[in-house]
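Presented below is the structure to which this report refers.
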Amino acid sequence: MHLSPLRIQGGRTLGGELAVQPSKNAALPILVASLLSSEPITLHGIPRLSDVYTILELASHVGAQHAWTGPNSLTIHTPQLLHTDAPYALVSKMRASFIMMGALLGRAGEATVSMPGGCAFGFRPVDQHVKAFRALGIEVQEDGGNFQATRTPEFGGRFVFEMLTVGGTHNAILASVLGDSVVTLENASIDTDVVDLIGFLNALGADIRGAGTNTLEIRGVRALRGGEYRVIPDRIEAGTFMMAAAATRSRLTLTNLRPDHVRALSSKLSEMGVQILESADSLVVDATATALRPVDVTTQSYPGFPTDLQPQMSALLATIDGVSIVQDPVYKDRLTHVAELQRMGADIKVSGYSQVIRGVALRGAPVKAADLRAGAALFIAGLTAEGETVIDGVEYLNRGYENLAARLRSIGADVYQDEASLASAMD
Ligand SMILES: CC(=O)N[C@H]1[C@@H](OP(=O)(O)OP(=O)(O)OC[C@H]2O[C@@H](n3ccc(=O)[nH]c3=O)[C@H](O)[C@@H]2O)O[C@H](CO)[C@@H](O)[C@@H]1O
Ligand SMILES: C=C(OP(=O)(O)O)C(=O)O
């Protein structure tokens, strides 16, 4: 569905306080993991985002019932699995749905899941997911665009990931939680979203040890009970607003966040001359005092600088005098923001996965988001630019930012969006 664009009159300073939304990338695997239990589960901190609606559609396809009980709370209950497949129409909307495979294997011992396919920022393989499954005793066949998998009675053992993968670690955990197997995962991801998934599963009675380290030991249990859990705040949303504050040279307070989850960004912002004041669950970003300095940034797995904040950082650095270099080896083609920022006057030269950015004053222009975080980069640029920026491709922003126009307005931005069209899209 085509949504009306986001219109931003740039040049206004932001201020005040904003509560960070719950984490999309933690909520999605936790919703999928809820399929492993036959008892009702209450979840708090589920953001109202199109990706969440896609996962809920997949969950209801396989037999889950859910009901929203508050703005960000729902109950979900899967008394029994009715299907063990995840169809292409839904998997193709969102790559993260590939972790349905682990949950279906865990609960039913079999799964047929479509290949997730490409995405706007390039090739995103799932070879590590499949290698982990096979090494642990799951038979996996690729068949005309689908993966068909069956858990054998010999399931269990050890797998060493060849690289840190968040989704691969999620999938292997989900497949291993139920049963009488023991699984050891080495070189596992220590991402906040993996730690939160393990916290949730253990709260339901799973036996997973080593959360936050690279070695996980998963001892299968007979069943998971129901329960209640609160998902962590969204560190990528928090980081996006931190950079929006820096780009507009503002002072902004963000509440409901984990300062330790955004420290790679806080360090970079401090290096640039932005003041960061941390409290237990809030943070002040103050970019009003001094001229900001250029920096070099390279993305890494958590706790390094996240690829999901790279396009936004590129937009911010495009406004800072001097030369910065941004490199994204995690997703080497994550560059769809560049041509759009150039339409706004940005001076960015691309060489391989490096961007050489020379800061200038940006001007408003009509631009188009081709993926979620490229869209975030464009709204940051639009907030600083002189004149009007009209951002098309808002459906991508709805994947990751709850109620974006209203929230930006609440901190002083001059942003307009036809909210009727937005509401009908989220129905
Ligand atoms: C829904 C969700 O949570 N998505 C996030 C998740 O994606 P996702 O879980 O897909 O990302 P991964 O952590 O798996 O990818 C990390 C790196 O490993 C590579 N790789 C991964 C799996 C595999 O089988 N083979 C392989 O080569 C990828 O191409 C990439 O270079 O983590 C990414 C990296 O932090 C984020 O950008 C995404 O926003
Ligand atoms: C890239 C993202 O999500 P996905 O992995 O679902 O594409 C993201 O959240 O920035």
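Just to be sure before I move on: is Q312 within 16 Å of ligand 1 (Cβ to nearest atom), closer than 30 Å to E162 by Cβ and at pLDDT 95 or above in the structure I sent? Don't jump to the end; show me each part of the working.
Numbers: within 16 Å of ligand 1 (Cβ to nearest atom): yes; closer than 30 Å to E162 by Cβ: yes; at pLDDT 95 or above: yes.
It is true that Q312 is within 16 Å of ligand 1 (Cβ to nearest atom), closer than 30 Å to E162 by Cβ and at pLDDT 95 or above.
Pairs are defined by a Cβ separation below 6 Å, a sequence spacing of at least 6 or placement on different chains, a first member in the stretch 319-333 that is of a type in the set (D, E, K, R), and a second member that is within 16 Å of ligand 1 (Cβ to nearest atom); the pairs so defined are D328/T299; D328/T307; D328/Q310; D328/R334; D328/Y353; K332/Y353; D333/F121; D333/G122.
Here is a yes/no grid of residues against (1) closer than 24 Å to L362 by Cα; (2) among the polar types (S, T, N, Q):
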{"position": "T248", "(1), (2)": "yes, yes"}
{"position": "S314", "(1), (2)": "yes, yes"}
{"position": "I325", "(1), (2)": "yes, no"}
{"position": "V330", "(1), (2)": "no, no"}
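Taking the criterion of being assigned to a helix (DSSP H, G or I), more than 12 Å from ligand 1 (Cβ to nearest atom) and surrounded by fewer than 21 Cβ atoms within 10 Å (Cβ to Cβ), the residues of the stretch 100-134 that qualify are A108, R134. Scanning the stretch 264-281 for residues that are in a strand (DSSP E or B) and surrounded by fewer than 18 Cβ atoms within 10 Å (Cβ to Cβ) yields Q275, L277, E278.
In the set (1) in a helix (DSSP H, G or I); (2) in contact with a helix residue (DSSP H, G or I) (Cβ under 8 Å, 6 or more places away or on another chain), H66 fails one condition alone, (1).
Which residue is farthest from ligand 2 (Cβ to nearest atom), if the candidates are limited to the stretch 298-326 and must be closer than 13 Å to I348 by Cβ and assigned to a strand (DSSP E or B)? Top of the filtered list is V323.
Per-residue answers, yes or no, for (1) more than 16 Å from ligand 2 (Cβ to nearest atom); (2) under 29 Å from S250 (Cα atoms); (3) crowded, with 23+ Cβ neighbours inside 10 Å:
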| residue | (1), (2), (3) |
| --- | --- |
| L6 | yes, yes, yes |
| E17 | yes, yes, no |
| S50 | no, no, no |
| T54 | no, no, no |
| S60 | yes, no, no |
| L74 | yes, no, no |
| H77 | yes, no, no |
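Scanning the stretch 209-231 for residues that are buried (at least 22 other Cβ atoms within 10 Å of the Cβ) and within 24 Å of the chain's Cα centre (by Cα), we see that the one that is nearest to ligand 1 (Cβ to nearest atom) is V231. Residues that are assigned to a helix (DSSP H, G or I) and either modelled with pLDDT under 95 or closer than 28 Å to L164 by Cα (or both) within the stretch 327-344 comprise T336, H337, V338, listed in sequence order. Residues in the stretch 276-299 that are at pLDDT 95 or above, of a type outside the set (S, T, N, Q) and within 19 Å of L254 (Cβ to Cβ): I276, L277, E278, A280, D281, L283, V284, V285, D286, A287, L292. Only residues that are within 16 Å of ligand 1 (Cβ to nearest atom), touching a Leu at 6+ places or on another chain (Cβ under 9 Å) and in a loop (DSSP other than H, G, I, E, B) were counted across the stretch 1-48, and they come to 2. For A370, the conditions (1) in a loop (DSSP other than H, G, I, E, B); (2) farther than 29 Å from S92 by Cα; (3) of a type in the set (A, V, I, L, M) all hold with the exception of (2).
Provide a single number: the residues in the stretch 58-87 that are farther than 11 Å from L31 by Cβ and within 21 Å of the chain's Cα centre (by Cα). Number of matching residues: 4.
The values are calculated or read from the model by the stated rules, or taken from the named source; none is laboratory data. Keep in mind that this is a model prediction, so the values were computed, not measured. Every residue, glycine as well, gets a Cβ built from its backbone with ideal geometry; the counts of neighbours run over all protein chains shown.
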